[in-house]
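This report refers to the structure that appears directly beneath it.
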Amino acid sequence: MAFQVAYHTDIGIKKKTNQDGLLLKTAKTPAGEIGLFIICDGMGGLSHGELASATVIRGMSGWFDNDLPELLETGIAEHEIPARLEERIRDLNTKILEYGEASNIKLGTTITALLILQKQYYILQIGDSRAYSITDHLVKLTEDQTLVERELQRGNITAEQARIDPRRNVLLQCVGATKDINVVTTSGQLESRSMFMLCTDGFYHEITEEEMLTNLNPQHFTNEITMKEKLVQLVELAKERQETDNISILLAKKEA
């Protein structure tokens with residue numbers, strides 16, 4: 001098996017619906033296994049946030065199943081594929097925005113997408129759902145597109161102040177809210193024994209990076225069952241610490 005994957009999502013202790021969305025897709029190609037892993041955090045009253053995140057998940061799933069095979073068959077250069085994925089995100093942004101305007105409602109969703117192609121990974125992100133890599137150390141691979149993160153980068157607040165700032169959920173970017181979006185794309189080479197973690201803010205607000213590294217060190221995982229068990233434990237811990245948001249986390253580990 002080329003990938004070890006696990007995920008867990010929880011409605012949390014307060015909300016009536018779970019507006020998070022997750023996607024885990026893998027496929028075999030002549031050049032090896034590839035994977036697309038996505039986490040979304042929907043926003044909007046009633047079921048609107050759930051609709052936004054589900055729309056993105058369905059759209060990205062269709063891209064992986066239908067568009068990506070066609071791209072690979074044409075012999076497209078690997079480094080050009082993330083731009084095609086970004087095009088799909090922009091199309092989905094337009095779709096959700098037009099629906100919201102027609103229905104006179106506001107809705108949107110974050111997206112953090114991890115695309116693994118052979119020896120390279122690509123991350124496409126809008127919002128504040130995060131991606132990390134975990135080996136014997138933990139590295140945050142994304143920057144939150146939030147008001148508080150911007151204030152932190154400008155030196156107006158400290159990291160400790162940012163952690164408890166009441167504005168920490170104020171997004172500067174999300175899919176479906178505005179016509180112009182800033183899709184941030186990063187890339188890197190896969191490291192031996194490395195594992196990726198995607199999570200919504202409901203997870204990382206209450207679980208420290210030290211706890212992430214201690215509990216999710218990929219050297220501790222021999223199978224997907226143990227990965228899942230640890231995710232459930234950490235989500236329950238976040239709930240014990242009174243996290244009121246939906247909580248979602250996804251792990252993807254490529255086998256050597």
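Could you check how many residues of segment 97-117 are part of a helix (DSSP H, G or I) and within 18 Å of the chain's Cα centre (by Cα)? Number of matching residues: 0. Candidates in segment 152-171 are the residues that are free of Cβ contacts under 8 Å to residues at least 12 places away in the same chain and touching a helix residue (DSSP H, G or I) at 6+ places or on another chain (Cβ under 7 Å); of these, the one that is surrounded by the fewest Cβ atoms within 10 Å (Cβ to Cβ) is A159.
Of all residues in segment 172-201, exactly one satisfies the criterion of being of a type in the set (D, E), open to solvent by 20 Å² or more (accessible area, probe 1.4 Å) and within 23 Å of A6 (Cβ to Cβ), namely E191.
Scanning segment 227-240 for residues that are within 15 Å of M212 (Cα to Cα) and charged (D, E, K, R) returns K228, E229, K230, E236.
If I ask for residues that are closer than 23 Å to G32 by Cα and in contact with a Ser or Thr (Cβ under 8 Å, 6 or more places away or on another chain), which ones from segment 100-130 would you list? Talk me through it step by step, then tell me what you get.
To start, the set of residues in segment 100-130 that are closer than 23 Å to G32 by Cα comprises 113-124.
Scanning segment 100-130 gives Q120, Y121, Y122, I123, L124.
Each residue in segment 124-137 was checked for being over 19 Å from I247 (Cβ atoms), surrounded by fewer than 22 Cβ atoms within 10 Å (Cβ to Cβ) and not polar (S, T, N, Q), and 2 pass.
Looking at T9, T94, T55, can you tell me which residue is within 30 Å of Q242 (Cα to Cα), in a helix (DSSP H, G or I), open to solvent by 10 Å² or more (accessible area, probe 1.4 Å) and at pLDDT 95 or above?
Of T9, T94, T55, the one residue that is within 30 Å of Q242 (Cα to Cα), in a helix (DSSP H, G or I), open to solvent by 10 Å² or more (accessible area, probe 1.4 Å) and at pLDDT 95 or above is T55.
Among the residues of segment 12-47, those that are of a type outside the set (S, T, Y) and not in a strand (DSSP E or B) comprise G12, I13, K14, K15, K16, N18, Q19, P30, A31, G44, G45, L46. Right, V235: surrounded by 15 or more Cβ atoms within 10 Å (Cβ to Cβ) and modelled with pLDDT under 95 or not? Answer is no for this residue. Within segment 9-31, restricting attention to residues that are in contact with a strand residue (DSSP E or B) (Cβ under 6 Å, 6 or more places away or on another chain) and of a type in the set (G, A, S), the residue that is farthest from N66 (Cα to Cα) is G12. Assess whether L216 counts as being aliphatic (A, V, I, L, M) and either on the phi > 0 side of the Ramachandran plot or touching a helix residue (DSSP H, G or I) at 6+ places or on another chain (Cβ under 9 Å) (or both). Spelling it out, L216 is indeed aliphatic (A, V, I, L, M) and either on the phi > 0 side of the Ramachandran plot or touching a helix residue (DSSP H, G or I) at 6+ places or on another chain (Cβ under 9 Å) (or both). Going through (1) without any contact (Cβ under 8 Å) to a residue 40 or more places away in the chain; (2) open to solvent by less than 70 Å² (accessible area, probe 1.4 Å); (3) touching a strand residue (DSSP E or B) at 6+ places or on another chain (Cβ under 9 Å) one by one, F221 falls short only on (1).
The values are calculated or read from the model by the stated rules, or taken from the named source; none is laboratory data. Here the structure is a predicted model, which means the values were calculated and not measured. Cβ sites come from the backbone with ideal geometry, for glycine too, and all protein chains shown count toward neighbours. Protein only, heavy atoms only, side chains kept; ligands, DNA and RNA dropped before computing areas. Shrake-Rupley method; radii C 1.70, N 1.55, O 1.52, S 1.80 Å.
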